[in-house]
Amino acid sequence: MAVEGLTTVRSGFGQEETVRRLKAAIAAKGMTLFAEVDHAAGAAGAGLPLRPTDLLIFGAAKGGTPLMQAAQTMGIDLPLKALVWQDAEGAVWLSYNDPAWLAQRHGLDASRGEPLGKALAALASQAIAP
């Protein structure tokens, strides 16, 4: 199922290894990992089942601030987020918002988001590729 503005790629690793690799890629790029949300743990705490679903929230002021200077409402979509999740068949996926799509959402030319899009694609590649 395609979702507009969302990039989803299949990982060659399991859930924990994909999350670990993504964290390492974020750190290697000098970005800050602001938070990690374990949605499955939250669901379990409420007595509800949910396959592994981890959200990482990260970024760098140098990349996001120019977008917020151009359209301050970009702050609702920044910092960047990546979701590592497992489907019903056990495959692990990594999803993130396309920054070019986000730029358009906030009335900017899509090209304003392309540098962040390239950075996110590189991070995703490092996290999912064996």
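Throughout, read-outs are computed from the coordinates displayed, never taken from laboratory work. These numbers come from a predicted model, not from an experiment. Cβ coordinates were reconstructed from backbone atoms using ideal geometry, including for glycine residues, and neighbour counts include every protein chain displayed.
Give me the pairs: first residue in the range 93-109 and among the acidic types (Asp, Glu), second residue assigned to a loop (DSSP other than H, G, I, E, B), beta-carbon distance under 7 Å, and six or more apart or on different chains, which are they?
Asp98/Gly5
What are the residue pairs meeting all of these: first residue in the range 118-130, first residue over 9 Å from Arg21 (Cβ atoms), second residue part of a helix (DSSP H, G or I), Cβ atoms under 7 Å, and 6 or more apart or on different chains?
Matching pairs, first to second residue: Ala119/Gly63; Leu120/Pro99; Leu123/Leu22; Leu123/Ala25; Leu123/Ile26.
Out of Leu80, Leu102, which single residue is of a type outside the set (Asp, Glu), within 23 Å of Gly14 (Cα to Cα) and touching a helix residue (DSSP H, G or I) at 6+ places or on another chain (Cβ under 9 Å)?
Being of a type outside the set (Asp, Glu), within 23 Å of Gly14 (Cα to Cα) and touching a helix residue (DSSP H, G or I) at 6+ places or on another chain (Cβ under 9 Å) holds for just one of Leu80, Leu102, which is Leu80.
Would you confirm, using the coordinates I've provided, whether Ala124 is among the small types (Gly, Ala, Ser), in a strand (DSSP E or B), within 23 Å of His39 (Cβ to Cβ) and under 13 Å from the mean Cα position of the chain (by Cα)? Walk me through how you get there before you give the answer.
On the way: among the small types (Gly, Ala, Ser): yes; in a strand (DSSP E or B): no; within 23 Å of His39 (Cβ to Cβ): yes; under 13 Å from the mean Cα position of the chain (by Cα): yes.
Spelling it out, it is not the case that Ala124 is among the small types (Gly, Ala, Ser), in a strand (DSSP E or B), within 23 Å of His39 (Cβ to Cβ) and under 13 Å from the mean Cα position of the chain (by Cα).
Working carefully through the options Leu78, Leu94, find the one that is within 19 Å of Ala119 (Cα to Cα), of a type in the set (A, V, I, L, M) and more than 10 Å from the chain's Cα centre (by Cα).
Details: Leu94 fails: more than 10 Å from the chain's Cα centre (by Cα).
Exactly one residue qualifies, and that residue is Leu78.
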